[in-house]
């Protein structure tokens, strides 16, 4: 699914999923740089993100894969 990842003015990373009109903060990351690993959103969903360079600029839209169901919206 297409997701947008951005960093707010407060420094918190969040994921926006347009098809669900859902925006949630990222609460944990499998890797320090986030890319190529799993991220967990505040609602419990886990997304597998693609490999990207560590210095990738945000905001960015990427193709991610949802690996858990978490809370249903």
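Over all Cα atoms in the chain, the spread is summed up by Rg and Dmax: 11.1, 33 Å. Test of understanding: in a Gaussian network model of the chain with alpha carbons linked when under 10 Å, which of 41, 29, 52 would top the mean-square fluctuation ranking? Residue with maximal mean-square fluctuation among 41, 29, 52: 52. Between 13, 22, 49, the Gaussian network model of the chain with springs among Cα atoms under 10 angstrom shows the greatest mean-square fluctuation at 22.
Relative contact order of the chain: 30 percent, from C-alpha pairs under 8 Å at least 6 residues apart in sequence. For the chain, a Gaussian network of Cα nodes joined below 10 Å ranks 32, 50, 59 by mean-square fluctuation, and the top entry is 32.
Just so you know, all these numbers are worked out from the coordinates, no wet-lab data involved. Please read these numbers as outputs of a predicted model, since none were measured by experiment.
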